[in-house]
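Student: Dropping a structure here in structure tokens format, bear with me for questions.
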Amino acid sequence: MRILHTSDWHLGRKLCGQERFGEFKSFLDWLTGVIAGESVEALVIAGDVFDSCTPPLWAQSLYYSFLTGLSASPCRSVTVVAGNHDSAALLDAPKELLRRLNVYVVGEPQAPENEVFELPGEDGAGAVCCAVPFLRSRDLCGAMPGENAAAVSAAELEGFRAHYAAAAAAAEKVRGSRDIPLIATGHCFVVGGKVNGDDGVRDLSVGSIEAVPLSVFPENIDYLALGHLHMHQTCGGTETRRYSGAPLCAGFGEAGQKKQVLIVDFHGRRASVRPVEVPEFQKIVRLQGTFAELSAGIARLAAEGRPVWVEADCTERGSTGLNEAVRELAPDRSPVKILRVKVPGMTAAEAFSESGVLSEDWSPREVFRLYLQEHNISGEKADGLMSAYLEALDAVRREGTE
């Protein structure tokens with residue numbers, strides 16, 4: 001059995017206001033080719049298919065076109081779970097129709113036994129999959145009014161452990177005595193996971209749990225396909241517990257980062273993993289230095305003739321208008337497009353937009369964090385305000401989807 005593990009596509013995401021339709025389409029076309037060329041039998045997408053709960057129509061069109069296009073490939077099944085960015089209801093809406101294409105979708109968490117699917121192989125079932133989506137606090141322990149934060153976190157962690165234990169037990173019953181692998185998905189932050197600043201990862205926690213220990217996942221899982229963190233990595237040095245990482249750069253913090261999808265071959269229940277590097281469909285570069293150094297760096301990039309998006313961080317203090325002077329280093333006809341300028345003394349908001357208005361690709365959490373910085377609020381007070389804000393935001397989102 002051969003599967004391909006990927007996650008965190010974030011279809012519809014912009015970078016500093018720039019539309020990325022061509023970049024996403026190129027990736028999905030490339031992925032279709034890899035699935036065909038590598039004779040992949042099952043595709044597993046571990047959450048964050050879309051970048052927001054209300055993705056643009058073109059992003060939805062790309063997603064459905066990709067899924068229907070796989071019918072001509074050797075891929076026998078696709079498993080899709082919701083991430084924290086996704087609208088679970090939006091993913092779930094066509095799931096009965098998609099099931100006819102052997103696409104198994106779990107948006108809203110289900111009773112664990114209803115998250116278990118047999119993935120078809122060459123001769124009958126090739127694997128059993130626990131398709132567990134992103135689990136929110138309400139999914140783990142419900143409301144706990146009057147309880148302190150430590151008690152809530154403990155209840156959430158126990159709910160997380162119990163959900164996976166029940167799903168894995170249900171999958172074990174389905175597997176029976178057959179020598180086929182048990183695959184599970186997860187969209188969460190595992191203890192020890194690595195992230196970069198400004199990498200597009202938002203709301204890392206699961207409820208009030210900052211990170212879940214690897215030990216909460218049952219040992220009978222033969223391969224754990226994780227999503228949520230954008231850097232590809234193993235968990236605890238274990239080859240069969242892995243983040244595939246995001247296939248495209250979601251923020252300038254990921255500039256220069258090699259992206260990949262994972263090919264997993266099973267021999268019985270034993271998994272061997274092989275990364276496949278994703279091509280760079282849009283060159284993204286971070287430049288830092290004096291005005292003269294930025295000028296030289298931008299000139300070098302322009303001479304390459306390849307379209308490139310740049311964050312320019314000027315380290316020298318200058319007179320009013322330095323921001324505009326840096327932007328003028330890349331005229332309209334240049335292949336270099338400067339999307340973000342940072343200069344000393346600018347406000348946090350100005351650092352991310354030419355007009356001083358935050359770009360629409362910033363999340364509410366990021367906007368609130370900048371607000372706290374602008375008002376010199378830090379430490380425990382900032383943590384408390386952020387926690388209260390995220391709780392209120394989650395309540396508003398729940399009301400909008402129920």
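Student: Would you call Leu62 without any contact (Cβ under 8 Å) to a residue 40 or more places away in the chain and aliphatic (A, V, I, L, M)?
Tutor: Considered against the rule, which asks whether it is without any contact (Cβ under 8 Å) to a residue 40 or more places away in the chain and aliphatic (A, V, I, L, M), Leu62 comes out as no.
Student: Can you name the condition, by its number, that Asp51 falls short on among (1) modelled with pLDDT of 95 or more; (2) at negative phi?
Tutor: Going through (1) modelled with pLDDT of 95 or more; (2) at negative phi one by one, Asp51 breaks only (1).
Student: On to the next question. Quickly run through segment 186-212 and pick out the residues that are part of a strand (DSSP E or B) and either over 20 Å from Val106 (Cα atoms) or modelled with pLDDT of 90 or more (or both). Let's see the steps before the verdict.
Tutor: From segment 186-212, those part of a strand (DSSP E or B) are 186-187, 190, 206, 209, 212; that's our starting set.
Gly186, His187, Val190, Ile209, Val212 - these are the residues of segment 186-212 that are part of a strand (DSSP E or B) and either over 20 Å from Val106 (Cα atoms) or modelled with pLDDT of 90 or more (or both).
Student: With respect to Val128, is the statement that it is in the same structural domain as Gly186 (by TED's automatic domain parsing), under 28 Å from Ala36 (Cβ atoms) and more than 21 Å from the chain's Cα centre (by Cα) true? Write out each step before concluding.
Tutor: Numbers: in the same structural domain as Gly186 (by TED's automatic domain parsing): yes; under 28 Å from Ala36 (Cβ atoms): yes; more than 21 Å from the chain's Cα centre (by Cα): yes.
So Val128 passes the test.
Student: Do you know which of the residues in segment 335-359 that are surrounded by fewer than 17 Cβ atoms within 10 Å (Cβ to Cβ) and of a type in the set (Ser, Thr, Tyr) is modelled with the lowest pLDDT?
Tutor: Ser355
Student: Being free of Cβ contacts under 8 Å to residues at least 40 places away in the same chain, more than 20 Å from Ala162 (Cβ to Cβ) and not hydroxyl-bearing (Ser, Thr, Tyr) is the filter; apply it to segment 218-258 and report the residue that is surrounded by the fewest Cβ atoms within 10 Å (Cβ to Cβ).
Tutor: Just the residues of segment 218-258 that are free of Cβ contacts under 8 Å to residues at least 40 places away in the same chain, to begin with: 219, 231, 234, 237-240, 256, 258.
Retained after the next criterion (residues that are more than 20 Å from Ala162 (Cβ to Cβ)): 231, 234, 237-240, 256, 258.
From what is left, the residues that are not hydroxyl-bearing (Ser, Thr, Tyr) are 231, 237, 239, 256, 258.
Working: Met231: 18, Gly237: 8, Glu239: 12, Gly256: 12, Lys258: 12.
Among those residues, the one meeting the criterion is Gly237.
Student: On to the next question. What is the residue count in segment 238-277 for residues that are in contact with a Phe, Trp or Tyr (Cβ under 7 Å, 6 or more places away or on another chain) and part of a loop (DSSP other than H, G, I, E, B)?
Tutor: 2
Every residue, every condition in (1) in contact with a strand residue (DSSP E or B) (Cβ under 7 Å, 6 or more places away or on another chain); (2) assigned to a strand (DSSP E or B); (3) in the same structural domain as Gly121 (by TED's automatic domain parsing); (4) crowded, with 22+ Cβ neighbours inside 10 Å, yes or no:
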position	(1), (2), (3), (4)
Thr54	no, no, yes, no
Trp58	no, no, yes, no
Gly69	no, no, yes, no
Thr79	yes, yes, yes, yes
Asp86	yes, no, yes, yes
Leu98	yes, no, yes, no
Leu101	no, no, yes, no
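Student: Sort out which residues of segment 108-125 are outside any helix (DSSP H, G or I) and either at positive phi or among the charged types (D, E, K, R) (or both), and write them in order of number.
Tutor: Applying the first criterion (outside any helix (DSSP H, G or I)) to segment 108-125 yields 108-111, 116-125.
Those that are outside any helix (DSSP H, G or I) and either at positive phi or among the charged types (D, E, K, R) (or both): Glu108, Glu118, Glu122, Asp123, Gly124.
Student: Please verify whether segment 273-287 includes one or more residues that are surrounded by 19 or more Cβ atoms within 10 Å (Cβ to Cβ) and of a type in the set (Asp, Glu).
Tutor: no
Student: A follow-up question, please. What about Val105, is it crowded, with 17+ Cβ neighbours inside 10 Å and assigned to a loop (DSSP other than H, G, I, E, B)?
Tutor: Working: crowded, with 17+ Cβ neighbours inside 10 Å: yes; assigned to a loop (DSSP other than H, G, I, E, B): no.
The answer is no for Val105.
Student: Sort through Ser177, Ser215 and tell me the only one that's assigned to a loop (DSSP other than H, G, I, E, B), at pLDDT 90 or above, surrounded by fewer than 16 Cβ atoms within 10 Å (Cβ to Cβ) and hydroxyl-bearing (Ser, Thr, Tyr).
Tutor: Details: Ser215 fails: assigned to a loop (DSSP other than H, G, I, E, B).
So the residue among Ser177, Ser215 that is assigned to a loop (DSSP other than H, G, I, E, B), at pLDDT 90 or above, surrounded by fewer than 16 Cβ atoms within 10 Å (Cβ to Cβ) and hydroxyl-bearing (Ser, Thr, Tyr) is Ser177.
Student: Okay, moving on. Do the conditions hold for Asp29, that is, is it farther than 26 Å from Pro181 by Cα, of a type in the set (D, E, K, R) and surrounded by 16 or more Cβ atoms within 10 Å (Cβ to Cβ)?
Tutor: No, not satisfied.
Student: What pairs come up if the first residue lies in segment 1-25 and is polar (S, T, N, Q), the second is crowded, with 23+ Cβ neighbours inside 10 Å and in a loop (DSSP other than H, G, I, E, B), and their beta carbons are under 7 Å apart, counting only those six or more places apart or on different chains?
Tutor: Correct list of pairs: Thr6/Ser244; Thr6/Pro247; Ser7/Gly47; Ser7/Asp48; Ser7/Ser244.
The values are calculated or read from the model by the stated rules, or taken from the named source; none is laboratory data. Predicted model, so just to flag it, every value in this text is computed and none were measured. Here the Cβ is made from the backbone with ideal geometry for all residues, glycine too, and neighbour counts use every protein chain on show.
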